[in-house]
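Q: Following this message is one structure expressed as structure tokens.
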Amino acid sequence: MAASSNSSLSGSSVSSDAEEYQPPIWKSYLYQLQQEAPRPKRIICPREVENRPKYYGREFHGIISREQADEILAGVEGAYILRESQRQPGCYTLALRFGNQTLNYRLFYDGKHFVGEKRFESIHDLVTDGLITLYIETKASEYISKMTTNPIYEHIGYATLLREKVSRRLSRTKNESRKASVTSEENTPVEKITSLVRRAALTQNDNHFNYEKAHNFKVHTFRGPHWCEYCANFMWGLIAQGVRCSDCGLNVHKQCSKYVPNDCQPDLKRIKRVYCCDLTTLVKAHNTQRPMVVDSCIREIEARGLKSEGLYRVSGFTEHIEDVKMAFDRDGDKADISASIYPDINIIAGALKLYFRDLPIPVITYDTYSKFIEAAKISNPDERLEAIHEVLMLLPAAHYETLRYLMIHLKKVTLHEKKNFMNAENLGIVFGPTLMRPPEDSTLATLNDMRYQKLIVQILIENEDVLF
């Protein structure tokens, strides 16, 4: 809901001077406003209304005018009724009293009630959330517009201070019940600052591979009070108060999410599987240069399979390949793929190809796909090589490193061509559609591009020492 009016900020204690900025643990101003917001008051219709929709209650007053709704609600802040439109029968309106005026919102129902993006189980919840939003946006519009200035997210020293406080608290309570509630100096539950503290800790870890990764924000409903880990302000409302990164757990306002840098540090506890997981997410969660599947499989293949006839072309048993996939999903880098468990090297080769096929974003990303195809179409070999090199530089760091490592490995495979009968062209046929897929799911486009996919991989293998 949009606020019916805006007023200047009153009661804000936040300094506008960046040099004087001393952030508290959390800023409670918006939380206090939510507590002050008007409570919903349901005005029941004194008569039984015919043809009342089954998903509305006695707050439905039938077909009445705006003026009649205004009379019913007059003088009662937070009062609300539902009515059917006189001009458009079958269309319903929420009439709500706020700020000494009656506000009218077109009301919808699709299993849940809504007037905007948020969907509610009950009209009461919708009105409660609406009154909170209206009150806060009216009282603190200027404050909200300046929330993203001087964010705590950029104060590494502040995050370090938080971490030290948490460490002291944990050391004092570790001998107590494991489920004891550990709180900060202002009784803020530790889980509310975990992702912020974790980010600061990882930032200081020199061994952490510094691949850039955007946060995977999704709208989230927080149970109980929550504060934004970017601006430190309360996330107001009844539901969908903000967004949470599903990879690292960072909780922020939707508007603050636009300012959070691409520094997501995925938490292993949130990564449910290895296969079908975004490549950059996986390597950052495991703190490795490349996906551990790629390292483990290539290490095993190079140890005992480089001379295997038809390597990567001959398929292993599907059920055994699925077993390897499940082992990686279950055990991560501790998965046992040794010869004693899987004597057929084609199973390991098949598991590696399956990993690449299952990636939600291919190694050669959708963003660079068309550029690679265009480069492959260049007839002059030197110009083509230069064009391919330029596109390689556009790949995300983790994708580039994975592709580089794989090409070095496939070059080794070609050195044993007399035994395995797999040259760069044959490997291009196998890995072309495995490493790159067109953004549009078009069978025709895939068929048309197959020869260029093969050519790209062939060139990458043959020139890996120059291109990488």
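The values are calculated or read from the model by the stated rules, or taken from the named source; none is laboratory data. Since the structure is predicted, the reported quantities are computational estimates derived from the model, not experimental observations. Because the Cβ atoms are built from the backbone with ideal geometry, glycine has one as well, and the counts that use them run over all protein chains shown. Areas reflect the complete protein model, heavy atoms only, side chains present, ligands, DNA and RNA absent. Shrake-Rupley method; radii C 1.70, N 1.55, O 1.52, S 1.80 Å.
Q: Solvent-accessible area of LEU268, probe 1.4 Å, all protein chains present, reported in Å² to the nearest ten, please.
A: Spelled out: LEU268, probe radius 1.4 Å, area about 80 Å².
Q: Can you compute the modelled spin-label distance between GLU71 and THR318, with each label point 7 Å from Cα toward Cβ, in nm?
A: 7.3 nm
Q: Provide the gained length on full extension for the span ALA397 to GLN88, in nm with one decimal, where the gain is 0.36 nm per separating residue minus the Cα-Cα distance.
A: Working: separation 309, 0.36 × 309 = 111.24 nm, distance 5.63 nm.
Contour length minus Cα-Cα distance gives 105.6 nm.
Q: Still on this model: Rounded to the nearest percent, how much of the accessible area of the stretch 238-330 (1.4 Å probe, protein heavy atoms only) is carbon and sulfur? Numbers along the way, then the final one.
A: On the way: 1960 of 4070 Å².
Looking at the stretch 238-330 in its full context, I get 48 percent from C and S.
Q: Still on this structure, I have one more. Taking the simple approach of a point 7 Å from Cα along Cα-to-Cβ for both SER122 and GLN35, what is their distance in nm?
A: Result: 2.4 nm between the two label points.
Q: Give me the accessible area per residue for the stretch 215-315, probe 1.4 Å, as a whole number in Å². Present the calculation step by step, with values, prior to reporting the outcome.
A: Details: 4010 Å² over 101 residues.
Averaged over the residues of the stretch 215-315, the accessible area is 40 Å².
Q: Further, regarding this structure: Quantify, in whole percent, the carbon and sulfur part of the accessible surface of the stretch 23-148 (1.4 Å probe; protein heavy atoms only).
A: Numbers: 2880 of 6380 Å².
After summing per-atom areas, the C and S share lands at 45 percent.
Q: Pop a pseudo-label 7 angstrom from the Cα along the beta-carbon direction at both ALA214 and GLU309 and give the gap in nm to one decimal.
A: 4.9 nm
Q: Mind scanning LYS41/LYS112; LYS27/LYS218; LYS284/LYS454; LYS218/LYS371; LYS272/LYS454 and naming the pairs with a C-alpha gap bigger than 27 Å? Kindly include the intermediate steps, with their values, before the conclusion.
A: Details: LYS41/LYS112 20 Å; LYS27/LYS218 23 Å; LYS284/LYS454 30 Å; LYS218/LYS371 30 Å; LYS272/LYS454 33 Å.
With Cα atoms farther than 27 Å apart: LYS284/LYS454; LYS218/LYS371; LYS272/LYS454.
Q: Roughly what % of DSSP beta bridges within the stretch 34-146 run antiparallel, to the nearest 5? Walk me through the intermediate numbers first.
A: On the way: 15 of 19 bridges.
Just about 80 percent of them are antiparallel.
Q: If you don't mind, there's one more thing I want to ask. FRET efficiency for SER379 and ASN448, Cβ-Cβ distance as r, R0 = 25 Å, nearest 0.05? Walk me through the intermediate numbers first.
A: Working: r = 18 Å, r/R0 = 0.71.
The pair SER379/ASN448 has a calculated efficiency of 0.90.
Q: Relative to a virtual label point 7 Å from the Cα of LYS258 in the Cα→beta-carbon direction, which members of the stretch 137-151 show backbone nitrogen distances below 18 Å?
A: Correct set: 137, 141-151.
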